[in-house]
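Q: This is the structure I want to talk about, given as structure tokens.
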Amino acid sequence: MLSANIFYSIYSLPLGILSLLIGFASVFLVFESKDFKGLFLFLAGCLFFFLSAYFSTSEHSLYKLGLSYNFVVFVEMIVALTASVFWLNAASELYNNQPTNRVSSVLYISICLPACIYYSFLAYNHVIAVSFSNLLISISLGVFLAFCFARVYKNPALGNVLLFLAVAILFFKLVISSYFFRYNWLNLNLLNWIWVYVFAIAMVFERISMLKSELQKSWNVIDKLNLQFSHVVNSSPFPIIISKMNGSQLLLINGKAEELFGITSKEMNYCKLSDFMIDEDNRGKFFTILEKKHEVEDFDLMVSNLISATPFWLSVSAKTIEYNNEMALYMAFQNITLRKERENRLQNQADKDPLTQAWNRRYFEKEVPEKVKVLIKESKYYSLLMVDADKFKNINDTYGHKTGDKVLIEIVDVCAHSLRGDDLVCRFGGEEFMIYLDNTDTSSALKVAERLRNSIAEAVIFSDEGEEVKVTVSIGVVSSEKTDSLDVLLRQADDAMYLAKHNGRNRVEVYDESKVRAVMKEKNKHSSDDVHPVFQNEETGEISLLDDYDNRIVKEVK
């Protein structure tokens, strides 16, 4: 008898229950799978199959309870029928993810149920009843095995092969026990529960396969998103670059950026951000802000085109993002060269004298104190030259103001070409110019002043009528060797320039307090409208350009 021998022998009831629990637990590994319901129905059928065996091996216990032979056989057949219904539905779920058609299920039960009643109560025949139960179990399990084989044929994954092997072991054991039990050497008791463990291993590999599939889907989604992201970047009207965080390698560049920087997407692997960001100071500030805040907005950078090597200005906004599973730097650019040029023009208009293009007094007051602070920290000197055109009023009266303007322009031009890049030429007003000499002591400043005086004296300017006009200058020289106060040095430079005027013009004078006092004493004896205010009270007619010079520049820089 099938039910009397398939779980019999040395295997106990607790082992059978434990094995089925392992089987049910393993099914939940593939809970998200579309095959979960079919596999669960298969194990449910195995449970009813187990109950059928239990009833068979416990017939004597049931009889002791007073149950009749007819009722016990009927229960055994009903349990076997239930197992077959579960297996048929499991096969349908496994094949097309749908349960067996309800009409087919009702028809199947309608045919089998009368047979169970007939052989149990009306024409009781225990042998025929058991054989009928075996037939139902064998057919339904065979159908499920066939669908497992079809599954392997369609997808020979290891999980599918193990599932087919587990069902085949159970089917083989069932057939042996049902039809060949008389041959003891074919009973193979070892196969009673081994199929459950093979089934559980099949579920493990099925879970692994699911995880691999999900991982592949995730990679596909990532690849799709990367393609969409690349498409968005390439479609952007703004130049966009994605690089590694430190800018050592470019990862993505759109068409606008290719045109802007003069590279192609094939060449980007050999380029880095420092190839474009030519201003090292600005580049350092950019990465410092990015390191602290992880994003930068509207940062002005000077960059260069690799082909033309032409510098231009860009406004860059940057943010750290994840790109291809690594942290990357996303940068969008906007060309602001025209805006920068406009700003520079406006700044020049604010900081430069419109006639001579020398720096104005406002720029001097803003820039020079900052330079002085740096020099003081470095224990270096600076010097000032006060330059004043001699008898400039006579030039205006003789040749006209237009020629006078040419003279002023020529003076600035000579100074600009004779000085260093860190030096400054500023027009303080009228025909007076202040020159700041960076990192220069008195002796060096005196040499520079003499060179400027000679160069200006040798310059030739022509009036509108073609007449040759000569001009000389008087220069006062001071240095910060004795005092760091910019305000004091400005006053002393003005006094030194007046000494040069007093001593005959077209000369250079270094500030000397004793000489200034001597000239002041001499000038106080005479009344003149052309007396410098340092030597006469405020009621005099001439007013120096340094009068009312406020202390905003630096009172006493220490």
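The values are calculated or read from the model by the stated rules, or taken from the named source; none is laboratory data. In this text, all values refer to a predicted model and were calculated from it rather than measured experimentally. Note that each Cβ is placed from the backbone with ideal geometry, even for glycine, and that neighbours are counted across all protein chains shown. Areas reflect the complete protein model, heavy atoms only, side chains present, ligands, DNA and RNA absent. Shrake-Rupley method; radii C 1.70, N 1.55, O 1.52, S 1.80 Å.
Q: Could you tell me whether any residue of region 62-71 is under 60 Å from the mean Cα position of the chain (by Cα) and either surrounded by fewer than 18 Cβ atoms within 10 Å (Cβ to Cβ) or touching a residue at least 24 places away in the same chain (Cβ under 8 Å) (or both)?
A: No, region 62-71 has no match at all.
Q: Kindly evaluate Leu384 against the criterion of being in a helix (DSSP H, G or I) and touching a strand residue (DSSP E or B) at 6+ places or on another chain (Cβ under 7 Å).
A: No; evaluated as a whole, the condition is false for this residue.
Q: Being crowded, with 17+ Cβ neighbours inside 10 Å and either at pLDDT below 85 or not hydrophobic (A, V, I, L, M, F, W, C) (or both) is the filter here; which residues of region 29-45 pass it?
A: Ser33, Asp35, Lys37, Gly38, Gly45
Q: State yes or no: is Leu88 farther than 30 Å from Asn155 by Cβ, crowded, with 16+ Cβ neighbours inside 10 Å and either modelled with pLDDT under 85 or under 60 Å from the mean Cα position of the chain (by Cα) (or both)?
A: So Leu88 does not fit the description; no.
Every residue, every condition in (1) open to solvent by less than 70 Å² (accessible area, probe 1.4 Å); (2) in contact with a strand residue (DSSP E or B) (Cβ under 9 Å, 6 or more places away or on another chain); (3) of a type in the set (Gly, Ala, Ser); (4) outside any strand (DSSP E or B), yes or no:
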site	(1), (2), (3), (4)
Gln347	no, no, no, yes
Ala350	yes, yes, yes, yes
Tyr363	yes, yes, no, yes
Lys366	no, no, no, yes
Lys371	yes, yes, no, yes
Leu375	yes, no, no, yes
Lys380	no, no, no, yes
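Q: Phe286: more than 28 Å from His417 (Cα to Cα), among the aromatic types (Phe, Trp, Tyr) and touching a strand residue (DSSP E or B) at 6+ places or on another chain (Cβ under 8 Å), yes or no?
A: Taking the combined requirement at face value, the residue satisfies it.
Q: Of all residues being open to solvent by 60 Å² or more (accessible area, probe 1.4 Å) and assigned to a helix (DSSP H, G or I) in region 451-475, which is nearest to Ser379 (Cα to Cα)? Just the residue, please.
A: Checking each candidate, the answer is Arg451.
Q: Also, quick follow-up: Taking region 145-171 as the region of interest, how many residues are among the small types (Gly, Ala, Ser) and without any contact (Cβ under 8 Å) to a residue 12 or more places away in the chain?
A: Total meeting the criteria: 0.
Q: Quick check: is even one residue across region 483-500 modelled with pLDDT under 85, under 20 Å from Tyr436 (Cα atoms) and of a type in the set (Asp, Glu)?
A: Checking region 483-500: at least one residue is modelled with pLDDT under 85, under 20 Å from Tyr436 (Cα atoms) and of a type in the set (Asp, Glu).
Q: Six or more apart or on different chains, Cβ under 7 Å: which pairs go from a residue in region 115-141 that's over 11 Å from Ser84 (Cβ atoms) to one that's open to solvent by 50 Å² or more (accessible area, probe 1.4 Å) and outside any helix (DSSP H, G or I)? Could you list them?
A: From region 115-141, the pairs are Tyr119/Asn125; Val130/Met1.
Q: Within the group Lys406, Lys402, Lys340, which residue is more than 24 Å from Arg507 (Cα to Cα), surrounded by 14 or more Cβ atoms within 10 Å (Cβ to Cβ) and in contact (Cβ under 8 Å) with a residue 24 or more places away in the chain?
A: Residue meeting the stated conditions: Lys340.
Q: Identify all residues within region 441-450 that are polar (S, T, N, Q) and either open to solvent by 70 Å² or more (accessible area, probe 1.4 Å) or free of Cβ contacts under 8 Å to residues at least 12 places away in the same chain (or both); write none if there are none.
A: Within region 441-450, just Ser443 meets the criteria.
Q: Another one. Could you tell me whether any residue of region 418-440 is open to solvent by 20 Å² or more (accessible area, probe 1.4 Å) and over 21 Å from Trp359 (Cβ atoms)?
A: Looking for residues that are open to solvent by 20 Å² or more (accessible area, probe 1.4 Å) and over 21 Å from Trp359 (Cβ atoms), one finds none in region 418-440, hence no.
Yes/no per residue for (1) open to solvent by 40 Å² or more (accessible area, probe 1.4 Å); (2) among the β-branched types (Val, Ile, Thr); (3) in a loop (DSSP other than H, G, I, E, B); (4) in contact (Cβ under 8 Å) with a residue 60 or more places away in the chain:
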position: Leu251; (1), (2), (3), (4): no, no, no, yes
position: Glu258; (1), (2), (3), (4): yes, no, no, no
position: Asn269; (1), (2), (3), (4): yes, no, no, no
position: Arg283; (1), (2), (3), (4): yes, no, no, no
position: Thr288; (1), (2), (3), (4): yes, yes, no, no
position: Glu291; (1), (2), (3), (4): yes, no, no, no
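Q: Find the residue count for region 295-315, including only residues that are open to solvent by 50 Å² or more (accessible area, probe 1.4 Å) and at pLDDT below 85.
A: 5
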